[in-house]
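Colleague: This is the structure I have questions about; it appears just below.
The values are calculated or read from the model by the stated rules, or taken from the named source; none is laboratory data. Note that this is a predicted model, so its numbers are computed, not measured. Quick reminder, even Gly has a Cβ in these numbers, built from the backbone with ideal geometry, and neighbours come from all protein chains shown.
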Amino acid sequence: MEQSEDENKSKDRGATPFTQTYFHGTKVDLKVGDLIEVGFNSNYGQRKNAKYIFLTATLDAAIWGAELASGEGRERIYLVEPTGPIEDDPDLTDKKFPGNPTKSYRSVHPFRVVGEVINWQGHATEQVKAMKDHLERLKEQGIDSLND
């Protein structure tokens with residue numbers, strides 16, 4: 001069987017991997033092309049200047065990020081691309097969730113905003129309240145983020 005010229009060209013290129021999509025949940029109003037960088041007050045923990053910035057490969061984790069973020073702005077989910085290396089977020093991996101099932105990562109390198117997820121479904125109000133209460137109890141017990 002003879003193959004067309006287009007089929008031969010696609011074989012010459014080899015495999016073309018898909019690019020991983022990453023999300024960042026926040027209440028900050030950003031635009032495409034903006035950079036999310038370290039050095040600003042963290043949305044979590046003691047609200048210190050952030051040593052790391054965070055992204056996730058799951059929409060659910062990004063939704064939690066937006067829902068739990070400090071501030072008065074609208075909850076937002078951005079599509080971002082890292083500009084440097086990323087590593088597992090130790091607050092959500094290691095002994096808590098071995099294997100990083102939340103696909104949560106951190107970096108000291110900026111993330112570039114490449115889009116925004118407009119239509120998404122948040123968690124139930126009771127779930128968000130329960131999570132915020134849990135985080136408050138941890139704070140009262142002196143259990144802080146590994147990322148502060």
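Colleague: Within segment 115-134, how many residues are surrounded by 14 or more Cβ atoms within 10 Å (Cβ to Cβ) and of a type in the set (A, V, I, L, M, F, W, C)?
Modeller: 4
Colleague: Give me a count of the residues in segment 111-148 that are modelled with pLDDT under 80 and within 21 Å of the chain's Cα centre (by Cα).
Modeller: 5
Colleague: Among the numbered criteria (1) in contact with a Ser or Thr (Cβ under 9 Å, 6 or more places away or on another chain); (2) modelled with pLDDT under 85, which one does Gly84 miss?
Modeller: Just one mismatch for Gly84, condition (2).
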